[in-house]
Amino acid sequence: MTQYRIPFNKPTYLGNELDYISDSLSNWHVSGDGAFSKNCHRFLEERLGVKRALLTTSCTHALEMAALLLGIESGDEVIVPAFTFVSSINAFVLRGAKPVFADIRPDTLNLDERQLESLISERTKAIVLVHYAGVACEMDKIMAIADRHGVAVVEDNAHALFARYKGRYLGTLGKLATQSFHETKNFTCGEGGALLINDAELIERAEIIREKGTNRSRFFRGQIDKYTWVDFGSSYLPSDMLAAYLWAQFEAAELIQERRREIWAYYDARLQEWSAAHGVQLPTVPAHVEQAYHMYYILLPSLKVRTALIRHLRARGILSVFHYLPLHLSDMGRQFGGEDGDCPVTEDVADRLLRLPFFHAFTREEQDDVLAGLFSFEDWE
């Protein structure tokens with residue numbers, strides 16, 4: 001049990017999840033790619049318009065599959081924002097790649113496309129971008145640069161399922177994209193992910209990699225009479241019980257997204273005057289973007305103020321949390337040449353960003369309590 005009256009997150013639970021898990025047990029198929037996995041695959045493919053969607057055990061594993069599919073090897077370089085979770089780059093470092101850290105925009109906190117071309121070298125194999133907080137990167141410019149240099153784009157779409165850029169779903173614009181269904185995400189099965197494939201030539205190999213390097217998927221489709229080891233791979237299939245939990249949430253996708261939109265909009269409306277009075281920056285959502293309502297964050301004037309506000313809210317039984325630390329300044333990042341000052345916007349934002357409680361079961365009374373906590377804060381020095 002949490003020690004806080006109002007936690008930062010509660011996993012989404014709607015009611016049908018346990019019924020569907022029970023159904024998977026009754027069907028005697030609880031390993032991967034059962035009926036509920038296939039439902040989830042079909043839903044993502046039809047809703048997004050991707051050529052193939054494959055559930056994975058995590059977004060991290062979907063990224064590892066992407067690195068294998070792109071043939072990442074020692075000596076390759078992969079560009080990644082310095083403000084992201086370690087999985088975004090670790091999957092590629094595991095294959096021998098060197099990370100090249102890009103700074104972020106001060107408005108959307110996404111990879112700064114204006115700096116991207118200067119980071120590309122003859123060794124650049126991929127650009128891994130993150131749609132931070134469910135708000136799209138500037139994809140037209142990024143894709144144009146990538147196409148000009150023959151570099152693959154992987155969308156780490158962990159925050160942004162069903163968000164759009166100029167009317168197009170995120171996760172459908174790069175060669176590959178990855179999703180997360182971790183308990184903190186809009187749609188969850190506790191731990192889980194998906195690989196979205198937009199290049200049809202990669203589908204068959206993706207199935208092989210996901211099935212431990214075997215052509216087992218072709219065997220189950222009746223295309224071959226036995227299966228064997230044919231490529232690199234690992235076990236990336238989640239249990240169909242997890243897919244059953246996820247399917248219950250996909251069935252209620254519109255309900256979940258609408259509830260999160262209401263929570264986000266209420267924060268944003270109530271915080272306008274307060275933020276202007278205290279020099280607090282609120283999220284930026286460009287007009288050509290439809291966001292996913294994944295989180296609500298604020299950017300405070302300084303690290304000192306953020307630390308004091310976290311302490312103030314905790315005293316009221318409210319948990320608020322900061323987010324990523326700069327990857328280039330981590331122990332591993334420094335081993336790859338990261339230094340202080342390399343990504344100044346990232347370094348500044350990481351010290352000042354605070355995420356507010358945000359989850360499907362969040363009541364208006366709880367949200368008003370969080371807002372009251374913010375409005376009563378006085379330690380601005």
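Of note:
- Residue satisfying all of: in region 219-269; outside any helix (DSSP H, G or I) and either of a type in the set (A, V, I, L, M, F, W, C) or outside the structural domain of residue 194 (by TED's automatic domain parsing) (or both); nearest to residue 354 (Cα to Cα) among these: 252
- Pairs where the first residue, in region 11-30, is in the same structural domain as residue 188 (by TED's automatic domain parsing) and outside any helix (DSSP H, G or I) and the second is among the charged types (D, E, K, R) and surrounded by 17 or more Cβ atoms within 10 Å (Cβ to Cβ), C-beta under 8 Å, 6+ apart: 29/240; 30/240
- Residues (within 14 Å of residue 83 (Cα to Cα), of a type outside the set (Ser, Thr, Tyr) and either surrounded by 24 or more Cβ atoms within 10 Å (Cβ to Cβ) or under 18 Å from the mean Cα position of the chain (by Cα) (or both)) located in region 104-126: 104, 105, 109, 110, 111, 112
- Residues of region 311-350 satisfying the condition of being closer than 22 Å to residue 363 by Cβ and either assigned to a helix (DSSP H, G or I) or of a type outside the set (S, T, N, Q) (or both): 312, 313, 314, 315, 316, 317, 318, 319, 321
- You will find that of 36, 101, 43, the residue that is touching an Asp or Glu at 6+ places or on another chain (Cβ under 6 Å), of a type in the set (Phe, Trp, Tyr) and touching a residue at least 40 places away in the same chain (Cβ under 8 Å) is 36 and no other.
- Among the numbered conditions (1) crowded, with 17+ Cβ neighbours inside 10 Å; (2) in contact with a helix residue (DSSP H, G or I) (Cβ under 8 Å, 6 or more places away or on another chain), the only one that residue 155 does not meet is (2).
- For residue 292, the conditions (1) more than 30 Å from residue 348 (Cα to Cα); (2) buried (at least 17 other Cβ atoms within 10 Å of the Cβ); (3) under 22 Å from the mean Cα position of the chain (by Cα); (4) among the small types (Gly, Ala, Ser) all hold with the exception of (1).
To keep it simple, each residue is scored yes or no on (1) among the hydrophobic types (A, V, I, L, M, F, W, C); (2) buried (at least 24 other Cβ atoms within 10 Å of the Cβ); (3) modelled with pLDDT of 95 or more; (4) not in a loop (DSSP other than H, G, I, E, B).
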position: 45; (1), (2), (3), (4): no, no, yes, yes
position: 53; (1), (2), (3), (4): yes, no, yes, yes
position: 84; (1), (2), (3), (4): no, yes, yes, no
position: 91; (1), (2), (3), (4): yes, yes, yes, yes
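- Scan of region 64-78 for residues that are within 19 Å of the chain's Cα centre (by Cα) and free of Cβ contacts under 8 Å to residues at least 60 places away in the same chain, ordered by number: 67, 78
- Every residue from region 162-211 that is acidic (Asp, Glu) and crowded, with 24+ Cβ neighbours inside 10 Å: 211
- For region 335-381, the candidate set comprises residues that are of a type in the set (Val, Ile, Thr) and farther than 25 Å from residue 263 by Cα; within that set, the residue that is surrounded by the fewest Cβ atoms within 10 Å (Cβ to Cβ) is 345.
- Taking the listed residues 92, 85, the one that is in contact (Cβ under 8 Å) with a residue 60 or more places away in the chain and either in the same structural domain as residue 323 (by TED's automatic domain parsing) or within 23 Å of residue 335 (Cα to Cα) (or both) is 85, with no other qualifying.
The values are calculated or read from the model by the stated rules, or taken from the named source; none is laboratory data. Computed from a predicted structure; not experimentally measured. Here the Cβ is made from the backbone with ideal geometry for all residues, glycine too, and neighbour counts use every protein chain on show.
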